[in-house]
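Bear in mind that the values in this text are calculations on the coordinates, not laboratory data. For clarity, every value in this text was computed on a predicted model and none was experimentally measured. Methodologically, a virtual Cβ is constructed for each residue, glycine included, from the backbone with ideal geometry; neighbour enumeration extends over all protein chains shown.
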């Protein structure tokens, strides 16, 4: 199991705590320090079974300044998240071929 984690995010910390409390072994990926590659990001989106735009944090300043109101293709949204990893919704927990976004943190229970 993996968690794409931002330690400064309360929801991310809460999700990580649930995994710890459940005794789950998991790898922590601080995605702002080690952003996913394009293939990894596409794989995450496939595992989440969502459109790329649904993984974008719409309350981020970068989104509001550069992308709000724009119609982008799936590839363009992926490129935006690669250029600005802060746009990637967090946390993302992956188990095999399934993934969930930990918003709310209890979503992680779907994988346990």
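Quick rundown of the values:
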quantity: Enumeration of residues in segment 35-54 that are on the phi < 0 side of the Ramachandran plot and out of contact with any helix residue (DSSP H, G or I) (no Cβ under 9 Å at 6 or more places or on another chain); calculated: 39, 40, 43, 46, 47, 50
quantity: Conditions (1) under 21 Å from residue 10 (Cβ atoms); (2) touching a strand residue (DSSP E or B) at 6+ places or on another chain (Cβ under 8 Å): number failed by residue 109; calculated: (2)
quantity: Test: residue in segment 2-21 that is free of Cβ contacts under 8 Å to residues at least 60 places away in the same chain, assigned to a loop (DSSP other than H, G, I, E, B), touching a helix residue (DSSP H, G or I) at 6+ places or on another chain (Cβ under 8 Å) and farther than 21 Å from residue 110 by Cβ; calculated: yes
